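Chemist: Okay, handing you the structure first.
The values are calculated or read from the model by the stated rules, or taken from the named source; none is laboratory data. Because the structure is a prediction, the values reported are computed rather than measured. Cβ: placed from backbone, ideal geometry, glycine included. Neighbour counts: every protein chain shown.
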Amino acid sequence: MTASDTKLVHYRPEKGIAVIEMDDPPANTYTYEMMRQLDEAILQARMDNEVHVIVLRGAGDKFFSAGANIKMLSEADPGWKYYFCLHANETLCRLEQTPKLTIAALNGHTVGGGLEIAMACDLRLARKDSGKIGLPEVNLGVLPGTGGTQRLARMVGKSRAIELMVTGRTFSFEEAEELGIVNQIMDRDSFWDEVVAYARQFVPPNKAAKAVGRIKRSVQTGLEVGFAEGLAIEREMQQLLFQSEDAKEGLHAYVEKRQPRFAAR
């Protein structure tokens, strides 16, 4: 697990949106080094006060990501594989818990660990007719070990999740949308422009970015505890928002019958 000078993850802030791109052709499979760079990019976006939305994509137009690099895993000993999965899980939990909206732009095939990365994002937008999606790890004699068993079950229900994982079948983005895995399918030719426009609606002054982030945190954390504890988290998030300038702006704008202009403060 040594650092490399090869740039496998690109970070680019653009007017309130941080674009994070996985780049290891041909399939954008991830290694320990890519996951380390992805972790650094997520942390950079989280700490940047000018960034309000994170968009994660794969380089090229064939793959979002085909998951972990199989050659790397086949050559590693079981102990190393365990720590690799542990590190990858920590990175995806950081992505999931970052108090900013995260969007996975599925520009191509999204399978195995690639889908596990996408499921750690809040929303998934897919490029029409550009690839397959699924968790086929059972065909390698393993399970989706980067949060896949847990996130998919929470997304589509226990029985359907088990069926999808034990068969290991891959399926279309259209079916994934019906199952609730994909939020929206966008035009193949104008996909990236549509993704950016979609993300832009959550950037100030269009939306109160702090409210968006607190909604995310309330849902993400609240679903992992009991109902009463979830309500307590919701009240805490609301109290923090009541103290914000954006809440004052939103309430005053409503009373004054004008469009609010939020400033993420």
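Chemist: Considering only region 127-185, state which residues are among the small types (Gly, Ala, Ser), in contact with a strand residue (DSSP E or B) (Cβ under 7 Å, 6 or more places away or on another chain) and part of a helix (DSSP H, G or I).
Modeler: Passing the criteria: only Ala176.
Chemist: For Leu240, work out the one condition from (1) under 28 Å from Arg127 (Cα atoms); (2) at pLDDT below 95; (3) among the aliphatic types (A, V, I, L, M) it doesn't fulfil.
Modeler: (1)
Chemist: Quick check on my filter: what residues within region 25-39 are surrounded by fewer than 22 Cβ atoms within 10 Å (Cβ to Cβ) and within 15 Å of the chain's Cα centre (by Cα)?
Modeler: Passing the criteria: only Asp39.
Chemist: Which of the residues that make up region 1-24 are more than 19 Å from the chain's Cα centre (by Cα) and closer than 25 Å to Val111 by Cα?
Modeler: Met1, Thr6, Lys7
Chemist: May I pose another question? Pick from Met155, Met165: which is assigned by TED's automatic domain parsing to the domain that holds Glu21, surrounded by 20 or more Cβ atoms within 10 Å (Cβ to Cβ), closer than 25 Å to Cys85 by Cβ and at pLDDT 95 or above?
Modeler: Met165
Chemist: Sticking with this one: Restricting the search to region 217-239, which residues are assigned to a helix (DSSP H, G or I) and either within 17 Å of Leu101 (Cβ to Cβ) or among the acidic types (Asp, Glu) (or both)?
Modeler: Arg217, Ser218, Val219, Gln220, Thr221, Gly222, Glu229, Glu234, Glu236, Met237
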